[in-house]
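Chemist: Got a structure here, written out as structure tokens. Questions coming.
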Amino acid sequence: MVATDAEHADLAGLMNAVIEHAVAPMHSLGIRVVELRPGYVLGAAPLTGNANHLGTMYAGTLFGVAEMLGGALVVASFDVERFHPTVKHVEIRFRRPATTDVRAEASLEADTIARLRREADHRGKAEFVLDATITDGDGEVVAGTRATYQIRANRPGDTVAAETLDS
């Protein structure tokens, strides 16, 4: 099911439940979705618990908060009873150390989502590239990612997101 406008406020909480139950390592890093609606996602991760030996944010946490954005966009923009996301490739460019909590943001245009829906309906899968920006507490860019995701038709047992969203 694709969420209605009234359900958009609940999408972040529902996606956080998916992370907690289906991607426990990401949940243990404190990675969460702050805002989610079709075509837009904002995630966050805390410095507390994620500091490395230099006192800056652990690179794996930066990667994780950006990587989950594509999956969140699929949950918000596509029928998760029929389709699920998978990541095919991610490149990350670290620009400066993060010494605060971070936020990661990404978006897809409505026409891109419409094209991906048509393609997924017709072929059972569709692929998209997503650029994300990770910023620190001062709004400075600390890293950026470019990732390729695939939307795939569910098979029996592939409906973790749908089951979590329905509970």
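Chemist: Taking only DSSP H segments of four or more residues, each worth -39500 (n - 2.57), what value at 222 nm results for the chain once the sum is divided by all its residues, to the nearest 500 deg cm²/dmol?
Modeler: The helix contribution divided over the chain gives -11000 deg cm²/dmol.
Chemist: Against the globular-protein guess of 2.2 N^0.38 Å, express the Cα radius of gyration of segment 29-140 as a ratio, rounded to two decimals.
Modeler: Here the answer is 1.15, to two decimals.
Chemist: Let me ask something else. Starting from the Kirkwood radius over alpha-carbon pairs of segment 5-95, derive D by Stokes-Einstein at 37 °C in a medium of 0.692 mPa s and give it in µm² s⁻¹.
Modeler: Result for D is 238 µm²/s.
Every read-out reported here was derived from the displayed coordinates using simple, explicitly stated rules and does not represent laboratory data. For clarity, every value in this text was computed on a predicted model and none was experimentally measured.
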